[in-house]
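Readers should treat all values here as calculations from the given coordinates under stated rules, not as data from a laboratory. If you're wondering where the values come from, they're calculated on a predicted model, not measured in any experiment. Methodologically, a virtual Cβ is constructed for each residue, glycine included, from the backbone with ideal geometry; neighbour enumeration extends over all protein chains shown.
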Amino acid sequence: MCDTLCGTGPDGMIFAKNSDRPAGEVQLTVPFGRRNTQGCTLRTQYLSIGDTGAHAALLSCPTWLWGAEHGVNEYGVAIGNEKVGTTNDAAHARPALIGMDLVRLGLERARTAREALEIMTDLLEVHGQGGIADAAHQEAYDSSFLIADADGAFILDTSGSAYAAAPFPDGTAISNRLSVRTEWTVGSPALEDGEDFDRYRDTEENTAHADVRLAASRRFLHDHRSGGLTPATMAAHLRDHGDGPWGAPGNRGPAQPPPTAMARDFSDVTVCMHAGDYSVTTSSLIAVLPAERASGRTVRAFVALGSPCTSVYVPAFPSTFGGPPGVVPRQLWSEEMWRAADAVRVHVQSDPDAIHAVRAVLDPIEDELWAEADEILEEPGRWAEVGADWGQRALDGLRASVS
């Protein structure tokens, strides 16, 4: 279970995702450089395919997977995926590409959101989908994707090798259900003009767990439809425990404890996921995709390892095409920091009121990091020096919050 959304702000498109995976599954955020390997063979999770090389990208990867849950590349393209229930029998499909493969391949190969859509649909037609994507529960599934750049976004829904995609110039949100109906503008060969892609939905699957979170994301985007969306307001939404956004860096309010119980159908799950051991938020990303990318404007990112309610959004400057060298704190791709963040989540889930003491430690650190990142945004010569201890300061705070 995941939630992905994007919307316009004063500095460009703001993209975000909470990646919800099995409790205890390590997920790191890793900067990958360009790969000049055109013409070679590339090994994805289950397939070997032709390689076309790779753009630099910041990818959030469960450590056992080749692919990524979400990420942003040097051209300001961001992609996130969602597990969806479809009529395709994913459990018995032959090993092929899985959703996380498609996220990574789209980011490695595309310079725009539209190009990523074309690349991913071509890969679906050639290779299809298949293979275990959740090792803890031995589950295979199809995926839905949100693909964004500064000019707009696409939702790409899939069922096996069938697909439909619709454009959303001002941004949109997805969750764990198919959402494209007849408004698609790009469809697989099996679709007839105007056909409802909802025919591929698994009608026996209860989507209440997705509906409640999707409604929350849509309300949030509606409330910020005037273009006032910022990374801080997005962070507050990603921390939503059911009563609305809270914990915006620089504009704090009372912390919301996580829910203590779940309905049997997960109909009351929240954007910041705490569904027992079955699904928790294991990593979160906010990316600013600037409208002036062609003139070298910087892609910004904010990464929280673990659950955003009990973690710190650490600023990062990923590699940007034509721009200065990127700076991504090394702790974001260290298992040490992920485990420290997860320990805080476990602590707060066992004692929800402890979140107030935890945030009293973490909030000042997060505010300081964000203020420093804002201060040096236009001074790339200072990025490495000022950002050198951002990851360590966040790690120290996580440890101190449960000591």
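Where the eigenvalues come from the Cα gyration tensor of segment 261-331, what are the semi-axes √(5λ) of the equivalent ellipsoid, largest first, in whole Å? Could the numbers behind the result be given before it?
Values: eigenvalues 228, 37, 11 Å².
So the three semi-axes of segment 261-331 are 34, 14, 7 Å.
Here the sum of -39500 (n - 2.57) over DSSP H runs of 4 or more residues, divided by the residues of the chain, equals -8000 deg cm²/dmol at 222 nm, to the nearest 500. Residues whose amide H falls under 5 Å from that of Leu28, counting only those 5 or more places apart or on a different chain, are Cys61, Thr63, with hydrogens built in the peptide plane.
Cα centroids of segment 33-53 and segment 218-266: 38 Å apart. Multiply the residue gap between Ala208 and Thr260 by 0.36 nm, knock off their C-alpha separation, and tell me the result in nm, one decimal place. Result: 16.9 nm gained on full extension.
What is segment 273-371's relative contact order, in percent, from Cα pairs under 8 angstrom and six or more apart in sequence? So the answer I get is 22 percent. For segment 367-403 and segment 288-335, write down the distance between their C-alpha centroids in whole Å. Cα centroid of segment 367-403 versus Cα centroid of segment 288-335: 12 Å apart.
Normalised by residue number, the volume inside the convex hull of the Cα atoms of segment 239-295 is 135 Å³ per residue.
Summarising the label geometry, the points placed 7 Å from Cα in the beta-carbon direction at Arg399 and Arg330 lie 1.6 nm from one another.
I need the peptides 177-183, 45-51 ranked by packing, meaning the mean over residues of other C-beta atoms within 10 angstrom, with the highest value on top.
Details: 177-183: 19.1, 45-51: 15.0.
Going by the mean number of other Cβ atoms within 10 Å, highest first, we get 177-183, 45-51.
Shape summary: segment 21-63 maps onto an equivalent ellipsoid whose semi-axes, from the alpha-carbon gyration tensor, are 24, 15, 5 Å in decreasing order.
Under a 5 Å amide H cut-off, with hydrogens placed 1.01 Å from N, Arg300 pairs with Val288 among residues at least 5 apart or on other chains.
Calculation over all alpha carbon pairs of segment 51-205 in 5 angstrom steps from 0 returns a P(r) of 2, 10, 20, 24, 22, 14, 6, 1, 0 percent.
What percentage of all Cα-Cα pairs in segment 205-271 are separated by more than 18 Å? The answer is 41 percent, as a whole percent. Across segment 330-403, what fraction of all alpha-carbon pairs, as a whole percent, falls in each successive 5 Å bin from zero upward? Distribution as computed: 3, 16, 23, 21, 17, 11, 6, 3, 1 percent.
Distance between the modelled labels on Ala135 and Glu368, one decimal in nanometres: 3.6 nm (7 Å Cα→Cβ projection).
Using only side-chain charges placed at the Cβ, +1 for Lys and Arg and -1 for Asp and Glu, the dipole size of the chain relative to its Cα centre rounds to 560 debye.
The string of couplings for segment 338-345 from the Karplus curve (6.51, -1.76, 1.60, θ = phi - 60°) is 4, 5, 5, 5, 5, 5, 5, 4 Hz, one whole number per residue in order, with x for Gly and Pro. Here segment 117-257 is described by how far its Cα atoms reach on the three principal axes: 50, 37, 25 Å, from widest to narrowest. Between Gly387, Gly99, Gly171, the Gaussian network model of the chain with springs among Cα atoms under 10 angstrom shows the greatest mean-square fluctuation at Gly387. When the Cα atoms of the chain are aligned to their principal axes, the ranges along those axes come out at 55, 50, 40 Å in descending order. I'd like the FRET efficiency for Asp243 and Asp193, computed as 1/(1 + (r/R0)^6) with the beta carbon distance as r and R0 of 30 Å, rounded to 0.05. So, using R0 = 30 Å, E works out to roughly 0.10.
Here the peptides 76-86, 372-382, 352-362 are ranked by packing, the mean other Cβ count within 10 Å, and the order with the highest first is 76-86, 352-362, 372-382. For segment 296-342, the ratio of Cα radius of gyration to the globular rule of thumb 2.2 N^0.38 Å stands at 1.29.
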